[in-house]
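S.K.: Mind having a look at this structure? Questions to follow.
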Amino acid sequence: MTAPFGCDTFMADTISMAKRGGKMAAIQVKSELTARVWKIEVATGKVVAAGDSLMILESMKMEIPVLAPAAGKVLRLMVGEADPVSEGQVLAVIEA
């Protein structure tokens, strides 16, 4: 899955889960680069739209936004502000 609006700073994997007899998907938002979490812009439980900023990473003095790949609810934030992250690391999980 590619980032919305041509932003190429993260990748996402979709995992199917059963919920009340229906289907939903948990989307893992992963970092595509080694960086540090500069700012978290959402909280667990917040409903986001596709393209909303989840957090901002900092690498080589550049700020890189991590955008929601789909609309849904933030199930879990896997990192905190100032945490170092590596390429492929899960940053957040969204229920779509």
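S.K.: Among the residues of region 42-62, how many are within 16 Å of Gly80 (Cβ to Cβ), hydrophobic (A, V, I, L, M, F, W, C) and in contact with a Lys or Arg (Cβ under 8 Å, 6 or more places away or on another chain)?
M.R.: Qualifying residue count, region 42-62: 3.
S.K.: Another question, then. Please go through region 54-72 and pick out each residue that is surrounded by 15 or more Cβ atoms within 10 Å (Cβ to Cβ) and within 13 Å of the chain's Cα centre (by Cα).
M.R.: Within region 54-72, Leu54, Met55, Ile56, Leu57, Ile64, Pro65, Val66, Leu67, Ala68, Pro69, Ala70, Gly72 qualify.
S.K.: Applying the selection to region 41-53, what residues are surrounded by fewer than 19 Cβ atoms within 10 Å (Cβ to Cβ) and assigned to a strand (DSSP E or B)?
M.R.: Val47, Ser53
FYI, it's all coordinate maths here, none of it is from the lab. Just so we're clear, the structure is a prediction, and the values are computed from it rather than from any experiment. Every residue, glycine among them, receives a Cβ derived from its backbone with ideal geometry; neighbour counts consider all protein chains shown.
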